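Read the figures in this text as sums done on the coordinates, not as results from a lab. In this text, all values refer to a predicted model and were calculated from it rather than measured experimentally. Because the Cβ atoms are built from the backbone with ideal geometry, glycine has one as well, and the counts that use them run over all protein chains shown.
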Amino acid sequence: MPSDAIPNEPQIDTEEMLRNITEWVEIESPTKDAVAVNRMADRVVTDCEDLGLAVERIPGEKGWGDLVVARDHDAEDAQPGILVLTHIDTVHPIGTKDGDNQVRREGDKLYGPGSYDMKAGAYMTLYAYRHLKRLGKEPHLPVTFMFMSEEEVGSPFSRKHIEAEAAKAKYVLVAEPARDGGRVVVARKGVADFVMRATGRPAHAGSMHQDGRSAIKEIARQILEIEDMTDYERGVTFNAGMITGGTGINVVPRECEVHIDMRVTTPEDGEEFTQIILNRTSHDPDVEIEVTGGLNRPPYQMNDGVKALFEFAREACAEHDLDLQYTPLTGGGSDGNYSGAMGVPTLDGMGVDGAGAHTLDEYILISSLVPRTKMWIKMFERLE
Ligand SMILES: [Zn+2]
């Protein structure tokens with residue numbers, strides 16, 4: 001009998017969930033404010049300990065907040081299990097909750113900074129785990145929860161820990177926000193960052209124009225050519241997102257720098273286009289260009305393991321009338337890229353439904369809490 005059909009069983013309490021999600025959202029935790037992120041980590045540690053989980057708090061390196069890892073088993077001798085990936089940082093500065101996106105309920109929506117991406121999803125994983133226990137059941141497999149402190153900047157500190165845990169896992173479930181009406185994520189593009197710097201020769205723009213070699217002109221030509229390599233059908237995009245250069249309107253500029261974001265669908269394209277960008281040469285022989293950077297999130301692709309995991313989740317959700325669908329490919333990266341690229345079956349976008357990630361209209365849909373929590377309960381209960 002499915003777990004949601006047993007008479008007189010404890011019910012998932014939406015109000016209890018909302019109370020806790022609201023408290024998590026109100027502990028604002030912008031990625032670059034480690035003190036704030038660590039206040040959130042304090043709360044996560046408390047909540048995990050209340051569940052009887054063994055908590056390891058790994059001090060953040062290079063100024064990042066701490067990473068919280070919580071296990072229901074002995075880390076040393078466990079069989080391959082379920083790894084749950086979440087993050088507790090947000091892109092929103094302190095004060096957003098009282099100003100530009102006040103924490104408030106309006107009908108089916110709960111607004112607040114980082115509500116949808118992804119405090120509600122992160123909290124839901126713990127609630128689902130506890131509810132399974134309340135039902136008198138245990139997960140088949142050992143479960144490990146990770147709460148990243150700097151996912152919004154690509155998890156530069158947590159990455160090695162994520163990969164070490166993923167290497168020991170049989171399945172990886174990611175509580176990132178659901179997409180487009182509750183869809184889960186089965187593939188994500190790879191993400192690369194590059195910085196291109198040009199160094200030319202300065203000159204007075206009036207009297208000595210012919211002696212100058214413009215770094216800005218060189219970079220402008222580079223940008224046009226690089227952006228023209230965008231191929232939507234192939235799933236490859238380039239975006240020159242930030243640019244600086246020059247010292248005055250009447251000076252031929254010696255320096256210019258551009259930051260380029262590249263997204264790719266396959267590892268092969270990642271390798272090919274990374275080499276193309278790194279090996280670009282200048283048009284003007286008197287201007288030097290230097291390119292640094294590369295892929296920081298490898299592409300996560302749908303394969304048989306991912307497909308089977310999705311089917312498992314879809315069947316479990318059908319029992320409680322949740323028609324689970326997936327979105328074919330998303331350009332946004334997550335920590336699921338790391339485990340997915342390692343070939344560990346990874347299902348992402350399992351968090352709550354809502355909208356407005358990274359905006360001031362961010363909210364979750366309250367009505368999605370119960371069906372999504374049931375999905376998590378069944379995954380914990382049945383994956384083996
Ligand atoms: Zn996120």
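Just to compare against my own numbers: the Cα pair-distance distribution for the chain, 20 Å bins, whole % per bin, please.
Whole-percent P(r) values from 0 Å outward: 27, 51, 19, 4, 0.
Please compute the alpha carbon radius of gyration of region 135-265, then divide it by the globular-protein estimate 2.2 N^0.38 Å. Two decimals is fine.
Working: Rg = 23.2 Å, N = 131, 2.2 N^0.38 = 14.0 Å.
Here the Cα radius of gyration is 1.65 times the empirical estimate.
Using θ = phi - 60° and the Karplus relation 6.51 cos²θ - 1.76 cosθ + 1.60, list the HN-Hα couplings for region 108-114 in order, rounded to whole Hz, with x at every Gly or Pro.
Coupling constants for region 108-114: 8, 10, 10, 8, x, x, x Hz.
Show which aspartates and glutamates lie in cross-link reach of Lys307 when reach means a straight Cα distance below 17 angstrom and same-chain residues fewer than eight apart are skipped.
Counting by Cα, and skipping residues close in sequence, Lys307 has these aspartates and glutamates nearby: Glu315, Asp323, Asp348, Glu384.
What is the Cα centroid distance between region 363-384 and region 109-138, reported in whole angstrom?
The two parts, judged by their Cα centres, are 8 Å apart.
Going by amide H atoms built from the backbone, whose H comes under 5 Å of the H on Val103, apart from near neighbours?
none
At 1.567 mPa s and 4 °C, plugging the Kirkwood radius over alpha-carbon pairs of region 190-297 into Stokes-Einstein gives what diffusion coefficient in µm²/s? Can you show the working numbers first?
Values: Rh = 14.4 Å.
My calculation gives 90 µm²/s for D.
Mind checking which lysines have their C-alpha under 20 Å from Lys137, skipping anything on the same chain fewer than 8 residues away?
Here the lysines satisfying the reach criterion relative to Lys137 are Lys374, Lys378.
Post the alpha-carbon centroid distance, region 242-275 to region 32-67, in whole angstrom.
Answer, in whole Å: 36.
Find out how many positive minus negative residues lie around Met342, taking Lys and Arg as positive, Asp and Glu as negative, among other residues whose Cβ is under 13 Å from that of Met342.
+2
Compute the projected area of the convex hull of the Cα atoms of region 65-180, averaged over all viewing directions, and report it in nm² to one decimal place.
9.1 nm²
Most mobile of Asn337, Asn239, Asn250 per a Gaussian network model of the chain (Cα springs, under 10 Å)?
Taking springs between Cα atoms under 10 Å, the residue moving most is Asn250.
Over region 190-297, calculate the relative contact order: mean separation of alpha carbon pairs under 8 Å at least 6 apart, over the residue count, as a percent.
In percent, rounded to a whole number, it is 42.
Among DSSP bridges having both ends in the chain, what percentage is antiparallel? Round to the nearest 5.
75 percent
Using Cα-Cα distances under 8 Å and only pairs 6 or more residues apart, what relative contact order does the chain have, in percent?
For the chain, the relative contact order is 23 percent.
Excluding Glu272 itself, calculate the net charge of residues whose Cβ lies under 14 Å from the Cβ of Glu272, where each Lys or Arg counts +1 and each Asp or Glu counts -1.
My count for the surroundings of Glu272 gives -1.
Using a Cα-Cα cut-off of under 27 Å, which lysines could be cross-linked to Lys32, ignoring same-chain neighbours fewer than 8 residues away?
Lys62, Lys97, Lys119, Lys160, Lys189
At a 10 Å Cβ-Cβ cut-off, how would you order Val186, Val251, fewest neighbours first?
Exposure proxy ranking, most exposed first: Val251, Val186.
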